[in-house]
1. Quick check on this structure: which one of VAL5, VAL48, VAL53 is at pLDDT 95 or above, open to solvent by 60 Å² or more (accessible area, probe 1.4 Å), among the hydrophobic types (A, V, I, L, M, F, W, C) and under 21 Å from TRP99 (Cβ atoms)?
2. Looking only at the range 23-41, decide whether some residue is open to solvent by 60 Å² or more (accessible area, probe 1.4 Å), among the polar types (S, T, N, Q) and either in contact with a strand residue (DSSP E or B) (Cβ under 7 Å, 6 or more places away or on another chain) or modelled with pLDDT of 95 or more (or both).
3. How about the range 61-115: which of its residues are under 11 Å from VAL48 (Cα atoms) and surrounded by fewer than 15 Cβ atoms within 10 Å (Cβ to Cβ)?
4. Out of all the residues in the range 37-46, is one or more within 14 Å of GLU6 (Cβ to Cβ) and touching a Cys at 6+ places or on another chain (Cβ under 9 Å)?
5. Looking at (1) at pLDDT 95 or above; (2) more than 18 Å from GLN44 (Cβ to Cβ); (3) out of contact with any Phe, Trp or Tyr (no Cβ under 9 Å at 6 or more places or on another chain), can you tell me which one TYR104 breaks?
Amino acid sequence: QAQLVESGGGLVQPGGSLRLSCAASGFLSSIYDMSWYRQVPGKQRELVAMLPVGGIINYADSVKGRFTISRENDKNMVYLQMNRLKAEDTAVYYCNAQWGPTHYWGRGTQVTVSS
């Protein structure tokens, strides 16, 4: 059974850093494009960063220069390093895996940026 499990969220002060992790299991994650999305209540889920297989990494303009997506295929892991966090980064962050029409989603991890 395919599964994505996010971890690493929490409460952090503005200007701080967090590293989110996404553990993939039950499918061959190395052939999937991996992404991080985020969602706040009342708004649509938005793409934060995408790491396609053999492609160009794509970041939302709001996080460019602050966030870095990476993957370790041998460990079936995807990461999101978030630096210089802002209050507007507060959201539930979701890991996504896509291969053609197939999408898998994790349950999300809460990130709260507040003093």
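1. Working: VAL48 fails: open to solvent by 60 Å² or more (accessible area, probe 1.4 Å); VAL53 fails: at pLDDT 95 or above.
Result of the check over VAL5, VAL48, VAL53: VAL5.
2. no
3. The answer is ASP61, SER62, LYS64.
4. Let us first name the residues in the range 37-46 that are within 14 Å of GLU6 (Cβ to Cβ), namely 37-39, 45.
This time we only want the ones that are touching a Cys at 6+ places or on another chain (Cβ under 9 Å), so: 37.
Taking every residue of the range 37-46 in turn, at least one turns out to be within 14 Å of GLU6 (Cβ to Cβ) and touching a Cys at 6+ places or on another chain (Cβ under 9 Å).
5. (3)
The values are calculated or read from the model by the stated rules, or taken from the named source; none is laboratory data. Given the structure is predicted, the values throughout are model-derived calculations rather than measurements. We place every Cβ from the backbone using ideal geometry, glycine too, and count neighbours over all the protein chains shown. The accessibility values were calculated without ligands, DNA or RNA, using every heavy atom of the protein model including side chains. Shrake-Rupley method; radii C 1.70, N 1.55, O 1.52, S 1.80 Å.
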